[in-house]
Amino acid sequence: MIKQLAVLPGVIVGTGRRVKRIYRSELRNITEVDELKEFQRLAYQRIGVKFPIDFLARNKTFALFNRHGVMCGGFTFALGSDSRVVKSLPDEALAKLKKDVPDFENDLFEATALWMSRYQRCRMLGIYFWLMMYLEATKMRRNFYIYAYSSSKPKLGEIYNTIRPFRLYKGYTKLLPGMTEPDDEVIEYGTMMNVHFSFGRIVTFLLKRLVRARSVRKVKSYT
């Protein structure tokens, strides 16, 4: 217990430094073609999908800029009627979605094109990113959300599990514009009500990741 308490001052100081790093950072809805092209380029580098510019432009595309003005992350929220995830679903999974969310075109939105740079961010900036994403999701005024992620990225699935999603499909999806080949994906959906109820769990999960990352670095520094 004494050893654990002794670590707390260092954690607090380290966290304070990280808070300073997000000063003047911002998440912004981008609409200019040059910024959308930069988003497209960086997203392609990180997740291997070259999202069409017209898709990014007609939906809500957000980019995270660090304090130096460098784009270091982002995502796109698309309405159900324009959802790439829905369009990629095999017939069986689409039938299930229509059964569970009959008016998905008007009552659902998609979170897609999610990426973050490893080189231009810190853990605290990542927390800021996820919390701002939550706030923007509430502004969509939709009852349901849907998303997909590669089954080769289970760590991403751990983060998503904090919002209590429902598994809709796992396997290869239809090939969409911007994809070089079909991917083995996990597709999940859920209610925004569950997201709101899970807010405390989300914050706790993110803070634990922050403290754990600092503890790992501290151990390595003594080895």
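The values are calculated or read from the model by the stated rules, or taken from the named source; none is laboratory data. As the structure is a computational prediction, the values presented were derived from the model and not from experiment. Reconstructed Cβ throughout: ideal geometry from the backbone, glycine too, with neighbour counts over all protein chains shown.
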Problem set entry | Unmet criterion (only one of (1) modelled with pLDDT under 90; (2) within 25 Å of Asn59 (Cβ to Cβ); (3) not in a helix (DSSP H, G or I)) for Tyr160 | (3)
Exercise. Which ones in the range 49-90 are under 23 Å from Leu131 (Cα atoms) and among the hydroxyl-bearing types (Ser, Thr, Tyr)?
Worked result: Thr61, Thr76, Ser83
